[in-house]
Amino acid sequence: MTEKLLEIDHLCVDYETGRGDLKALRDITFNVNKGEIVGIVGESGCGKSTLISSILRLTAPNTRFREGEIRFKEQDLLQASERQMRDLRGSDISIVFQDPMQTHNPVLTIGQQMLDIQHRSKQSKADKLSHAAKMLGAVGIPDPDARLKQYPHEFSGGMRQRIAIAMALMSEPDLLIADEPTTALDATLEVQIIERLQELQREFHCAILFISHHLGVIAELCDRVVVMYAGAVVESGEVREIFHNPKHPYTRRLIECDPGHIKERARILPTIPGEVPDLANLPGGCIFRDRCDQAMARCATEVPPLDQLKEGHHAACWLNHAEATS
Amino acid sequence: MSLLNVVDLNTSYGPINVLAGVSFTVEPGETYALVGESGSGKTTVIRAIAGLAPAQDGSVTFEGQEIRGAPESVMRPLRKDMAMMFQDPVGSLSPRLTIRSLITEPYRIQGMKDRDLDAEAKRLLAMVNLPTHFADRYPYQLSGGQARRVGVARALALEPKLILADEPTAGLDVSVQGELLNLLNDLRERLGLAMVIITHNLSVVRHVADRMGIMYLGRLVEEGTTETIFNNPRHPYTRCLLSANPEPDPDARLERIALKGEPPSLLKRPSGCEFRERCPFAKDICTQTPQWEMNGDHGLRCLAPLS
């Protein structure tokens, strides 16, 4: 029996701007079960970052939660007080950010920073330090005791990102949010981080919400995938279903565009022509229709619902609607 | 005659030997890719070619003319034929200039006063598929992909013979990345451009490069046609790099070869083969220093190459 850890339910988030409300997230629904790795994939402007900052409530002042719920262990986080949120952050929910070069405080040793984040613990300083060393060892930093005395600049980018992961896992969170943790790293380090995350996930049994625009990384790491486009979920399902049997034209095109998919040298690589619609002035109907090669008359007027096509596989496209309802 | 000939290029910053003898050539119309981990010296190579980084030793000839360490008075007229595309698309555009000023700046710098700059701006924007009204915009009003295209337009303004492109697709979404690569491929065919392109995305290399060189710790360790390198990599480091490329297929069975440890410090270069401490295939002989050997058009620096 899978147990739900994080449930996002019909979440709508706007940014108030001088041009009117920018509808950054619209009707987002998905969940993360205990111990599961869920990938969120989508291009710039799809709302990935708004989603993460909404979960942690680290949002900009002009953010407005219009509708919906974010439930973490059955508690509605949108109703939680600031104090309750602070207790959750870094203990039950941790995050690893994109840029390992800017995650750490440059003027404090790694050891001091790892002590600081254990401020809730009642252990002695020596115990906290040995816990820190153990975590560094767990992410594959050799000679952790000596390394604790060093400053961030004495570590390479890949090591700094592994330290960030060690710090995020110190409190044994139930949910680890990883916001494009490999984007700033090159391919060999990217693979190291993915493999390390898989190992740690098996060891600590935490769920991971992994945000990336790199399809190769998502395919390798995740159990389930949520595909976002222009602030909405267009498809979600098991990783194999998404990659082998995509049911939304955007997902299909995105996979086709990945040059890793094309083994022979191509003179012309596939692209998705057109641009993401203006979120402050949304067109009616399906948000992808202007760029879709299979758009029909209906797509211009009616927003397609996120239909369940089979157990666990959802897509928001009129092409599948008959299949879903029959 | 090769368009660009780099021989034994050396760059040191104090005690740090960043480039330890890099040699390669680029023919007219050819695309040459430099790949390797962060810190392997790729960016320093192209900056040294363009005269933007020092090079204490070696030779860089462009159309037969020696340009290593050449003074600005020699480099400036050459930059008509040799353009640079920088890594950070927005950061390389002055925030206070309009796109029109930015893409026509090369004409002003080269003193080409007789040109109709408005017309040139329109022509360049059209060439990179940006609407002409973008001429009046400022860099902050552009997306990353649009800023990239402005960078391409500016690099192409004077119809150079060679483009030095530092990570031209970094930070772009896959749908836009294809567009930029198609644009570069198309311009190359129409204008006969040669390119040196730096990228750590191997999937990109396969589609744009004719030949490629793999760098490790400021040296080339393998070089060959893109086809040869992808189908028959002989240096263990190349094999590791190629195997680290995550495939967009959850069922891909990857024979991944893990690299051990971290790249060594440039202050303490290992003895013998510099890759041997991380090499999963190292043998006893690797304590000796491997020399660069060319076999046809396939270059290799390894004493225990893979077959």
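What pairs can you find where one residue is in the range A:186-205 and within 14 Å of chain B (Cβ to nearest Cβ), the other is open to solvent by 40 Å² or more (accessible area, probe 1.4 Å) and hydroxyl-bearing (Ser, Thr, Tyr), and their Cβ atoms are less than 8 Å apart, with a gap of 6+ or different chains? Correct list of pairs: A:Asp186/B:Ser38; A:Leu189/B:Ser38. Taken over the range A:87-122, the criterion of being under 23 Å from the mean Cα position of the chain (by Cα), closer than 16 Å to A:Glu172 by Cα and without any contact (Cβ under 8 Å) to a residue 60 or more places away in the chain is satisfied by A:Asp87, A:Leu88, A:Arg89, A:Ile117. Being part of a loop (DSSP other than H, G, I, E, B), within 12 Å of chain A (Cβ to nearest Cβ), open to solvent by 10 Å² or more (accessible area, probe 1.4 Å) and farther than 19 Å from A:Gly216 by Cβ, is that true of even one residue in the range B:206-227? For the range B:206-227, residues part of a loop (DSSP other than H, G, I, E, B), within 12 Å of chain A (Cβ to nearest Cβ), open to solvent by 10 Å² or more (accessible area, probe 1.4 Å) and farther than 19 Å from A:Gly216 by Cβ: present. Scanning the range B:270-290 for residues that are assigned to a loop (DSSP other than H, G, I, E, B) and open to solvent by less than 60 Å² (accessible area, probe 1.4 Å) gives B:Pro270, B:Gly272, B:Cys273, B:Glu274, B:Phe275, B:Cys279, B:Pro280, B:Ala282, B:Pro290.
Is there a residue being open to solvent by 30 Å² or more (accessible area, probe 1.4 Å) and modelled with pLDDT under 90 anywhere in the range B:160-167? Checking the range B:160-167: not a single residue is open to solvent by 30 Å² or more (accessible area, probe 1.4 Å) and modelled with pLDDT under 90. Here A:Gly20, A:Gly45 are screened, and the one residue that is open to solvent by less than 60 Å² (accessible area, probe 1.4 Å), within 14 Å of the chain's Cα centre (by Cα) and at pLDDT below 95 is A:Gly45. Per the conditions (1) assigned to a helix (DSSP H, G or I); (2) at pLDDT below 90, the sole criterion not satisfied by B:Asp88 is (1).
Candidates are the residues of the range A:233-257 that are crowded, with 22+ Cβ neighbours inside 10 Å and in a strand (DSSP E or B); the one that is farthest from the other protein chains (Cβ to nearest Cβ) is A:Val233. Taken over the range B:106-147, the criterion of being open to solvent by less than 60 Å² (accessible area, probe 1.4 Å) and within 14 Å of B:Ala83 (Cβ to Cβ) is satisfied by B:Pro106, B:Tyr107, B:Gln110, B:Leu124, B:Met127, B:Val128. Can you name the residue in the range B:236-253 that is more than 8 Å from chain A (Cβ to nearest Cβ) and open to solvent by 10 Å² or more (accessible area, probe 1.4 Å) and is also modelled with the highest pLDDT among such residues? Filtering first and then ranking leaves B:Arg239. Can you pull out the residues in the range A:32-63 that are of a type outside the set (A, V, I, L, M) and under 23 Å from A:Leu254 (Cα atoms)? Matches in the range A:32-63: A:Gly39, A:Gly42, A:Glu43, A:Ser44, A:Gly45, A:Cys46, A:Gly47, A:Lys48, A:Ser49, A:Thr50. Within the range A:107-140, being at pLDDT 95 or above, assigned to a loop (DSSP other than H, G, I, E, B) and of a type outside the set (S, T, N, Q) holds for A:Val107, A:Leu108. Mind listing just one residue for me: the one in the range A:141-162 that is more than 14 Å from chain B (Cβ to nearest Cβ) and outside any helix (DSSP H, G or I) and, of those, nearest to A:Gln98 (Cα to Cα)? Looking at the filtered set, the residue picked out is A:Tyr151. Taking the numbered list (1) open to solvent by 10 Å² or more (accessible area, probe 1.4 Å); (2) in contact (Cβ under 8 Å) with a residue 24 or more places away in the chain; (3) within 12 Å of chain B (Cβ to nearest Cβ); (4) under 29 Å from B:Arg256 (Cα atoms) in turn, A:Glu264 passes all entries but (2). For the range A:205-214, the set of residues classified as open to solvent by 10 Å² or more (accessible area, probe 1.4 Å) and within 17 Å of A:Glu43 (Cβ to Cβ) consists of A:His213, A:His214, listed by residue number.
Restricting A:Ile165, A:Ile208 to those that are closer than 30 Å to A:His261 by Cα, in a strand (DSSP E or B) and more than 13 Å from chain B (Cβ to nearest Cβ) reduces the list to A:Ile208. Filter the range B:49-89 for residues that are hydrophobic (A, V, I, L, M, F, W, C) and in contact with a Lys or Arg (Cβ under 9 Å, 6 or more places away or on another chain) and give the result. Within the range B:49-89, B:Ile49, B:Ala50, B:Ala53, B:Ala55, B:Val60, B:Phe62, B:Met82, B:Ala83, B:Met84, B:Met85 qualify. Output yes when any residue across the range A:225-240 is touching a Ser or Thr at 6+ places or on another chain (Cβ under 8 Å) and without any contact (Cβ under 8 Å) to a residue 60 or more places away in the chain, and no when none is. No, the range A:225-240 has no match at all.
Evaluated against (1) buried (at least 18 other Cβ atoms within 10 Å of the Cβ); (2) modelled with pLDDT of 95 or more, A:Cys12 falls short on exactly one condition, (1). Taking the residues in the range A:267-285 that are open to solvent by less than 20 Å² (accessible area, probe 1.4 Å) and within 15 Å of A:Val234 (Cβ to Cβ) as candidates, determine which candidate is farthest from the other protein chains (Cβ to nearest Cβ). So, considering only residues that are open to solvent by less than 20 Å² (accessible area, probe 1.4 Å) and within 15 Å of A:Val234 (Cβ to Cβ), the one farthest from the other protein chains (Cβ to nearest Cβ) is A:Gly285.
Checked against (1) in a loop (DSSP other than H, G, I, E, B); (2) within 14 Å of the chain's Cα centre (by Cα); (3) within 12 Å of chain A (Cβ to nearest Cβ), B:Pro168 passes all but condition (3). Against the numbered list (1) open to solvent by 10 Å² or more (accessible area, probe 1.4 Å); (2) within 13 Å of chain B (Cβ to nearest Cβ), A:Glu302 comes up short only at (2). The set of residues from the range A:173-189 being modelled with pLDDT of 90 or more and either assigned to a loop (DSSP other than H, G, I, E, B) or open to solvent by less than 10 Å² (accessible area, probe 1.4 Å) (or both) comprises A:Pro173, A:Asp174, A:Leu175, A:Leu176, A:Ile177, A:Ala178.
Here B:Ala70 passes the criteria (1) open to solvent by 30 Å² or more (accessible area, probe 1.4 Å); (2) assigned to a loop (DSSP other than H, G, I, E, B); (3) not charged (D, E, K, R) except the one numbered (1).
The values are calculated or read from the model by the stated rules, or taken from the named source; none is laboratory data. Predicted model only: the values in this text are computed from it and were never measured. Here the Cβ is made from the backbone with ideal geometry for all residues, glycine too, and neighbour counts use every protein chain on show. What goes into the accessible areas is simple: the full protein's heavy atoms, side chains included, and nothing from ligands, DNA or RNA. Shrake-Rupley method; radii C 1.70, N 1.55, O 1.52, S 1.80 Å.
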